[in-house]
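So the structure is just underneath, and the comments pick up after that.
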């Protein structure tokens, strides 16, 4: 127990005494399972523990408007008299996805200006969802879903100057926020709750600019 405490104290002290700060902005393409792929933007800020190892906190934003095909199939199966365009309108979904993560990066030199790196992270994900009202599909409803997430990736960087570099990376992101879709129909069908999950797992391909201070 004492040994574990000393190791933890050493790690915290090392992080707190890191001398070099780092920040970056990333732009790219994200292709989660739940939706079609699209643009994603991210920002991170952190510290170097030594020349080749750093940590950061990252924040990303992904937005997509799409038709939830899985929900369409469930509605078609349960409300058999409304197969087609109406259920597709009911399943029209607008999401804003916000992963917030703690990441570590290990760099390996190729030459004095170029490096490749491995990265991994864990965190939490907030999904803001606008979906259509079942009885009045022209009206929007709002809800939020949450989940833990993790990410693994690799990349390569090239120094632009003594305090800046450009980089490209490919990462796999994993999360699956869930929520409930409640249908209250005062007509023929009884009220029903549909379980909706948003599989936000998928690949990200991004380029970015990083600077040091």
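The values are calculated or read from the model by the stated rules, or taken from the named source; none is laboratory data. Quick caveat: nothing in here was measured; it's all calculated off a predicted structure. Every residue, glycine among them, receives a Cβ derived from its backbone with ideal geometry; neighbour counts consider all protein chains shown.
Just wondering, is there one or more residues in segment 44-66 that are within 23 Å of residue 140 (Cα to Cα) and modelled with pLDDT under 90?
yes
Select from segment 32-45 the residues that are assigned to a strand (DSSP E or B) and either at positive phi or surrounded by fewer than 15 Cβ atoms within 10 Å (Cβ to Cβ) (or both) and write down the one among them that is farthest from the chain's Cα centre (by Cα).
Of everything passing the filter in segment 32-45, 45 is farthest from the chain's Cα centre (by Cα).
Let's see how each residue does on (1) more than 19 Å from residue 102 (Cα to Cα); (2) in contact with a helix residue (DSSP H, G or I) (Cβ under 8 Å, 6 or more places away or on another chain); (3) at pLDDT 95 or above; (4) surrounded by fewer than 13 Cβ atoms within 10 Å (Cβ to Cβ):
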| position | (1), (2), (3), (4) |
| --- | --- |
| 145 | yes, no, no, no |
| 153 | no, no, yes, no |
| 162 | yes, no, no, yes |
| 171 | no, no, yes, no |
| 174 | no, no, yes, no |
| 177 | no, no, no, no |
| 181 | yes, yes, no, no |
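When you scan segment 127-143, how many residues do you find that are modelled with pLDDT of 90 or more and surrounded by fewer than 13 Cβ atoms within 10 Å (Cβ to Cβ)?
Result for segment 127-143: 0.
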